[in-house]
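I have placed the structure first, in the form of structure tokens, so that the comments after it can refer back to it.
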Amino acid sequence: GVLKFQDKDMAGAEKAFADAVSIAPDYANAHYYLGRVKLQQGKRADALAEFETVLKLNPDNADVTAIISTINKGGDPFAPPEPAKPAKK
């Protein structure tokens, strides 16, 4: 799944991660990547559900909490950061 994700084969990655979570529902990493795939596909509600599952499996994970918060605000938690603006003199 990860290799397909890295190769931007979202359909293949989605199938691999969906198969993984159907076999092992507590496999947090597969839910995480399935959430990333869903987000790339524009399926925000599905992505959010996957990240909420990850948070249930790892309740103290601040990174996942931040991802969920960003999605809820309509943002993309995986977008590259904007370059810093130069300070005014």
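The values are calculated or read from the model by the stated rules, or taken from the named source; none is laboratory data. These numbers were taken from a predicted model, which means no experiment stands behind them. Quick reminder, even Gly has a Cβ in these numbers, built from the backbone with ideal geometry, and neighbours come from all protein chains shown. Ligands, DNA and RNA are stripped out before the accessible areas are found, and what is left, the full protein with its side chains, is counted by its heavy atoms. Shrake-Rupley method; radii C 1.70, N 1.55, O 1.52, S 1.80 Å.
Remarks
- Value of relative contact order over the chain, rounded to a whole percent, pairs C-alpha under 8 Å and six or more apart: 18
- Helix-only CD estimate at 222 nm, as mean residue ellipticity for the chain, using -39500 (n - 2.57) per DSSP H run (n ≥ 4): -19500 deg cm²/dmol
- Phe78 accessible area, 1.4 Å probe, all protein chains in place, Å² to nearest 10: 60
- Taking all protein chains together and rolling a 1.4 Å probe, Thr53 ends up with roughly 40 Å² accessible.
- Residue pairs exceeding 21 angstrom between C-alpha atoms, taken from Lys43/Lys73; Lys8/Lys38; Lys15/Lys43: none.
- Of all aspartates and glutamates in the structure, the ones whose alpha carbon falls short of 17 Å from that of Lys56, not counting any fewer than 8 places away in one chain, are Asp26, Asp46.
- The residues packed around Lys15, meaning those with a beta-carbon under 10 Å from its beta-carbon, carry a net charge of -2 if Lys and Arg are +1 and Asp and Glu are -1.
- Eligible aspartates and glutamates near Lys4 by straight Cα distance, threshold 12 Å, same-chain separation 8 or greater: Glu14
- Pair-distance profile P(r), taking every C-alpha pair of the chain, with 10 angstrom steps and integer %: 18, 45, 26, 7, 4, 1
- Heavy-atom accessible area ranking, 1.4 Å probe, most first, across Asp26, Asp76: Asp26, Asp76
- Note that the stretch 24-32 has calculated 3J(HN,Hα) couplings of 10, x, 8, 7, 4, 4, 5, 5, 4 Hz, one per residue in order, obtained from phi through the Karplus relation 6.51 cos²θ - 1.76 cosθ + 1.60 (θ = phi - 60°); glycine and proline are x.
- Solvent exposure of the chain, expressed per residue, is 69 Å² of accessible area, with all protein chains present and a 1.4 angstrom probe.
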